[in-house]
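The values are calculated or read from the model by the stated rules, or taken from the named source; none is laboratory data. Remember, it's a predicted structure, so these values are computed and weren't measured experimentally. Because the Cβ atoms are built from the backbone with ideal geometry, glycine has one as well, and the counts that use them run over all protein chains shown.
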């Protein structure tokens, strides 16, 4: 019988546990939060799974993922498999795979898309690693991915790192898509002749070239607040957009749209722009144009 | 019984005639092309419709649309209605409405989205004009729009011009969306570790945040030619993208993503870039960096 | 003896009167402001000049310039010459030239650069119109332009409109240059290891590739306020940047840098960004990411 | 008497040797090229200098600089000083400084601007390191920097790394400036009414807001080839532009202009754009728009 160990039961991991269980697969979940965890420790988690084990790591990228992987390298046995399903930078994957390989432990990296909707709709899965490891994990992937043909919600994109690479590009594209809708929203809001902006977005949902899931979500947001007056235009970024632009630079790929979307987020978080202070100062210097005094 | 006069039976108009007829509405179509026209002249078209008439114009934007509208102003009667469903700039609409109003003829502007797929899927419709005119045309709109709730494929967005305005913004967004996917494609193609680019796009179709109809079309294109090697990276633009940026400038709306997508098209059509000649010349001047000689 | 009529004695026109007089040329200036004007009306100005007259118009672009030109068309005689030295859009020039030509009055358009420094340094002059008109005005141009070879501060760039066209492009370039320095300023300000930002700008004044007059002005601004803390990052735009991007669009010229500089100004004037509200709303919808509430 | 050891006598280093010698300072230069070197080996170079020595490294950034620094760490004595004057990434400096510090050897990083003109005009110098090391090297810096006040061609910008950081930002700004002029050039070239493009650039040299050394170089280039028809629009990049954008991303600084200038260079080197193939394919899919076949 298929079993899965799952470390990290937050917004994503918790839903994933439910979806995999709903497919009839046994899941042992561990989280530091005692209210959601199934076992009290990683040690217990390992003990409660039969070898060869599959342990899916779903924790924040960076140091936390690295420490969980290092811990698993100590606790698991040869032939076990670790899956990093978090938003790790693809460059981490080779390091983790090598560390685990020293102990004979296998590794897959998986990009997971779907957000809070994944429990219901299934998760888009992008996988990197070796084919035999992918094949043995297929029941888990089939439980997590959306209904429909496997290849429309799942890809084995290449060797170690390829899953996170494809997810990184996915998120870079996402930045561009969101910014495109957002620019359109602002232009319609400013238009002197369009009186039903929310209705226009709603009407784009069927038949048009720009229909999409993000558009559906935009309609949901406008249904709740039709001019978004309750929301501040302040947008965080979580890493993948930056990595996408950095990877483009490393490969000499022009990325005007995705980089513009990233920079728009940086700007959204500034109270005042040092750059625009400089432009204001220059205009004042050459043309005597008035400047506004900072308070 | 509802009747429709339809002028322009090209790629869009021809399909629209079929879709409206399939809904049981009588359509009299006119086109200069004798192989597709129903009648021999606009005069005949007008004569074959009972007053009050509805005549939908579906011809190229600009001078051709203007001349058809002017011709209809001469031939139609008070109480008749002209609909411009082409890709006219919204600024034309007030002019056409005023010309027709002098004769007591009504006017609606309609942005139509859906391309060659509209016959089967229905067309997204964005309408500008007065409510009474919109209401009397509703059977036609219902025939053209996609299945499902009316408000998900149809909007009465505002007064005269609002339909084309919303369609203009729709197309501007479309430019940004396409460029975002395209940048992601290029980055994946250049990636040293992703071996299945087409499979990655395919896998994004279900469950992911970036699933969309444009993504589905990208998958179709990659199914036919998995690295797009048969296609040249040469992209025309048809006006709406330019108008969107111009309208943003007029309203002081920043549009970094949509403008970048527009400029990428301009660049795609250049054999050599005068700007980059200048940069190459400057680098040579200050640093002695080699330049490539133009052939 | 050379005479000049000058309408508009503001920040630019007043200094230009001084500079032309300093070259020994008689100037009769008119301004609505009684404290600076030489004569009480345009009528008096015309009466005090011997035919053939040269009248330089230095008033705000748009309606004011148009009304002054129309007024001069009524008051001047065949053979007289009107010069529009303001920041008119080049598309206005043909209209003004045609209006004046009906009365046998000549027309030149002149782009004038130099700002508040022009009195001392001279003004860069870009001229459009016919050669005979340019030649008869050369003593005025020589008085206004900087010391040094004529061709380094003056160009007869083409027919009517060419002067304002070249000035428009000059200002578009200026937007890009200012933004480039400004971005560098912001990056240095944020740097964890550069402790002397103002000193770095100062040190770029001699020997470096990026030395320029704008850099000198940046140094002046930083001398007065070394982190620009007294200035708000709020930047107006006066038209030429918009026209430059619009003209680029009309000619399918990619303009990523100049357009980005223009959009940065638009952004600098927004209290909150509707576009970024939309991005924040979308992230909240798909990922449950927190949004900030607008106050 | 002041002495300088100089490793690397290429386009930059060779001229720098001449300029320092012209100031009456003894320079011992080493280069692998026997036609330009003063000594046969680094060993000889070290032997020919009296302690405490100053050795300026002027070789390509990256592995070559790293190996020269490592070699000097072996050969020099406590109290000697190594200066990296090449285009190293600022992140390298701490590593080099630490390696040398283990042997008691001092380190400065210096960004050098001025290109092939530096021999005649002097070099702009941006220095990082400790004050005592900067002070002992001042005679060399004074020999290299341009005439005029020291602070207008020299800055001690901060600790180790600050010199290369300021130079990196200098070059990032340079990318933006060049692209701004280049976009203006292209727009003037396409203008239907400007007949003297080269003359317009020439006329911007005095009095205008955009006068600069880069503009002077543009005039030189246009003097030689007034429409740049002999030059291909193909532009390399040498690293600093990429690092500038990467550093901006690391510090969440929006950099729309400098990044656009970088991407324009990437595009200039592509025979065909994979991204634009994708856009062409998408347009064909939804609208039946014709695509061009790649040959």
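Observations, loosely collected:
- Some residue of the stretch D:281-290 being crowded, with 22+ Cβ neighbours inside 10 Å, without any contact (Cβ under 8 Å) to a residue 60 or more places away in the chain, in contact with a strand residue (DSSP E or B) (Cβ under 7 Å, 6 or more places away or on another chain) and over 28 Å from residue D:171 (Cβ atoms): yes
- Residue under evaluation residue A:270, criteria (1) in a loop (DSSP other than H, G, I, E, B); (2) modelled with pLDDT of 95 or more; (3) in contact with a helix residue (DSSP H, G or I) (Cβ under 7 Å, 6 or more places away or on another chain); (4) over 27 Å from residue D:276 (Cα atoms), criterion not met: (3)
- Taken over the stretch B:75-103, the criterion of being under 16 Å from residue B:6 (Cβ atoms) and either assigned to a strand (DSSP E or B) or in contact with a strand residue (DSSP E or B) (Cβ under 6 Å, 6 or more places away or on another chain) (or both) is satisfied by B:81, B:82, B:83, B:84, B:85.
- Test for residue A:27: is it modelled with pLDDT of 95 or more, assigned by the TED database to the domain that holds residue A:77, buried (at least 16 other Cβ atoms within 10 Å of the Cβ) and at negative phi: yes
- Filter result for residue A:257 (in contact with a helix residue (DSSP H, G or I) (Cβ under 8 Å, 6 or more places away or on another chain), within 11 Å of chain B (Cβ to nearest Cβ) and at pLDDT 95 or above): yes
- Residue match in the stretch B:26-39 (condition: touching a residue at least 40 places away in the same chain (Cβ under 8 Å), assigned to a loop (DSSP other than H, G, I, E, B) and in contact with a strand residue (DSSP E or B) (Cβ under 9 Å, 6 or more places away or on another chain)): no
- Residue within the stretch D:129-140 that is crowded, with 24+ Cβ neighbours inside 10 Å, touching a helix residue (DSSP H, G or I) at 6+ places or on another chain (Cβ under 8 Å) and under 13 Å from residue D:84 (Cβ atoms) present: yes
- Residue A:263 vs. criteria at pLDDT below 95 and part of a helix (DSSP H, G or I): no
- Scanning the stretch B:284-295 for residues that are outside any loop (DSSP other than H, G, I, E, B) and more than 7 Å from chain D (Cβ to nearest Cβ) gives a single hit, B:284.
- Test: residue in the stretch A:1-10 that is within 21 Å of the chain's Cα centre (by Cα) and in contact (Cβ under 8 Å) with a residue 60 or more places away in the chain: yes
- Residue in the stretch B:134-144 that is assigned to a helix (DSSP H, G or I), free of Cβ contacts under 8 Å to residues at least 40 places away in the same chain and closer than 24 Å to residue B:11 by Cβ present: yes
- Contacts under 6 angstrom Cβ, first residue in the stretch C:110-132 being more than 10 Å from chain D (Cβ to nearest Cβ), partner modelled with pLDDT under 95 and assigned to a loop (DSSP other than H, G, I, E, B), 6 or more apart: C:116/A:288
- Of the criteria (1) surrounded by fewer than 24 Cβ atoms within 10 Å (Cβ to Cβ); (2) part of a helix (DSSP H, G or I); (3) at the interface with chain B (Cβ under 8 Å from one of its Cβ atoms), which one residue A:147 fails: (2)
- Test for residue D:118: is it in a helix (DSSP H, G or I), surrounded by fewer than 22 Cβ atoms within 10 Å (Cβ to Cβ) and out of contact with any strand residue (DSSP E or B) (no Cβ under 6 Å at 6 or more places or on another chain): no
- Within the stretch B:189-205, the set of residues being more than 19 Å from residue A:131 (Cβ to Cβ) and buried (at least 24 other Cβ atoms within 10 Å of the Cβ) comprises B:201, B:204.
- Highlighted here are the helices (runs of 4 or more DSSP H) found entirely within the stretch D:152-243 that include at least 1 residues which are more than 7 Å from every other protein chain (Cβ to nearest Cβ), touching a helix residue (DSSP H, G or I) at 6+ places or on another chain (Cβ under 8 Å) and in contact (Cβ under 8 Å) with a residue 60 or more places away in the chain: D:162-190.
- For the stretch C:104-115, filtered to residues that are in contact with a strand residue (DSSP E or B) (Cβ under 9 Å, 6 or more places away or on another chain) and not in a loop (DSSP other than H, G, I, E, B), the residue that is farthest from residue D:193 (Cα to Cα) is C:113.
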